[in-house]
Amino acid sequence: MNFRNANSLNNRVNLLSGNLLPIEDSDSKFPLSWRVHNVVIWLIELIHTVALVFGLILVPREKALNDGTVCVVVLMEASFMLSRLYARRKLLSRVVDTLDSILREADETMKDLVRSTLSPITKMFTVYCLVSVTTITIWTVQPVTIAFDKGAFFYVDYNLPAAFTSEPFSRGVLIASSVVMTIGSVFLFLKKFGVDVYMMHIVLILTVQYRYIGRKLTLLFRDLQGDNRVDGLCDKRFHLKADWRTKRELRALCQHHNTVLR
C-alpha cells in the first residue's frame, strides 16, 4: 500500500483533470502522455475562460447573473486552490513522501483502518462526480438541440454565457462552441473536484495515523493489564520480557507520532 494506490479515485481524477498534484515520492515524474494531456486541458480552460468572460460582458445582466454565477465561483475557487498548491509544491511533496513511506511500511491494522476510513467517503464522492459531470454536460451542450431550428444564432442562445465571434453566428459556430464550452465546463469541475478529493485524501490519511496510534495503545495497555492479572503465576523473567516489549512498542509509537507531526 502507498499514497497513490490507497485511493484510486484520487489517482484517476488527479490525472484526468490535469492537476498533476504529487501522489508519490518526489523522485517520480508523471509520464509524458499525461503532461501533454495537462497542457491540452489548460489550453481548453484558457479558451473556456476567455469565452466565458466575454459572454458575461455581452449578454444581458440578468442572464449573466442567473447562468454564469456558479461557473465563475467554481473558476475562482479552482484557480485559488490550485495556485496555492502549486506555489507550495515542494512542501506538498514532502508531506506526500512522508505519508507514502508510512503507508509502504503499514501493518495490517493500519491497512484495515485506511480501507475502512476511505471506502465509504470515496463511494459518495464517486457518485457525486458522476451525477455532476452528467448534469453539467446535459445543461451546457443543450443549445446544440436548437441548432437546426433556425439559421442565425445569438449569445443568449447559449445556456452558459459565451462569446466566440460577433453575432449573429452560424449553426456550425454554435455547435462547435457549445462542445468547447461543455468540455471546458466539465474539466473545470474536475479540477475543482480533484483538489477537493486530493485534500480529503491527505486529511483522511493523517486521521488514520491518529486512529492507528489510539488503537495500538489500547491493545498495548490491554495486554499489559492481562500480564498483571497473572502476576502470581508468572516469574520475574516473563515480566521483564513483557516490560521490554511494552517499552519497545511505546517507543515505536512515539517515533511514528513524531514522523506524522513533522
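From the residues in region 57-70 that are buried (at least 16 other Cβ atoms within 10 Å of the Cβ) and not hydrophobic (A, V, I, L, M, F, W, C), which one is nearest to Phe154 (Cα to Cα)? Working first, answer last.
Residues of region 57-70 buried (at least 16 other Cβ atoms within 10 Å of the Cβ): 58-59, 63-64, 67-68.
Among the residues that remain, those that are also not hydrophobic (A, V, I, L, M, F, W, C) are: 63, 67-68.
On the way: Lys63: 13, Asp67: 15, Gly68: 16 Å.
By that ranking, first place goes to Lys63.
Filter region 96-121 down to the residues that are within 16 Å of Asn2 (Cβ to Cβ) and within 14 Å of the chain's Cα centre (by Cα), then identify the one that is modelled with the lowest pLDDT.
Val96
Only residues in region 73-95 that are more than 14 Å from Val195 (Cα to Cα) and modelled with pLDDT of 95 or more count as the first member; pair them with residues that are in a helix (DSSP H, G or I) and not basic (Lys, Arg), Cβ under 6 angstrom, at least 6 apart or cross-chain, and list the lot.
none
In region 71-87, what count of residues is obtained for those that are surrounded by 12 or more Cβ atoms within 10 Å (Cβ to Cβ) and either over 15 Å from the mean Cα position of the chain (by Cα) or of a type outside the set (Phe, Trp, Tyr) (or both)?
10
Can you say whether Arg84 is more than 21 Å from Val180 (Cα to Cα) and in a helix (DSSP H, G or I), as far as the supplied structure shows? Break it down into steps so the answer makes sense when it comes.
Numbers: more than 21 Å from Val180 (Cα to Cα): yes; in a helix (DSSP H, G or I): yes.
Yes, satisfied.
Taking Asn19 as the residue in question, decide whether it is closer than 21 Å to Leu190 by Cα, in contact (Cβ under 8 Å) with a residue 12 or more places away in the chain, not aromatic (Phe, Trp, Tyr) and not in a loop (DSSP other than H, G, I, E, B). Quick ask: steps written out before the conclusion?
Values: closer than 21 Å to Leu190 by Cα: yes; in contact (Cβ under 8 Å) with a residue 12 or more places away in the chain: yes; not aromatic (Phe, Trp, Tyr): yes; not in a loop (DSSP other than H, G, I, E, B): no.
For Asn19, the condition - closer than 21 Å to Leu190 by Cα, in contact (Cβ under 8 Å) with a residue 12 or more places away in the chain, not aromatic (Phe, Trp, Tyr) and not in a loop (DSSP other than H, G, I, E, B) - is not met.
Against the definition (surrounded by 16 or more Cβ atoms within 10 Å (Cβ to Cβ), without any contact (Cβ under 8 Å) to a residue 40 or more places away in the chain, assigned to a helix (DSSP H, G or I) and not aromatic (Phe, Trp, Tyr)), how does Leu174 come out, yes or no?
On the way: surrounded by 16 or more Cβ atoms within 10 Å (Cβ to Cβ): yes; without any contact (Cβ under 8 Å) to a residue 40 or more places away in the chain: yes; assigned to a helix (DSSP H, G or I): yes; not aromatic (Phe, Trp, Tyr): yes.
Spelling it out, Leu174 is indeed surrounded by 16 or more Cβ atoms within 10 Å (Cβ to Cβ), without any contact (Cβ under 8 Å) to a residue 40 or more places away in the chain, assigned to a helix (DSSP H, G or I) and not aromatic (Phe, Trp, Tyr).
The values are calculated or read from the model by the stated rules, or taken from the named source; none is laboratory data. Just so you know, these numbers come straight off a predicted model, no measurement behind them. So basically every Cβ, Gly included, is an ideal-geometry build from the backbone, and we count neighbours across all protein chains shown.
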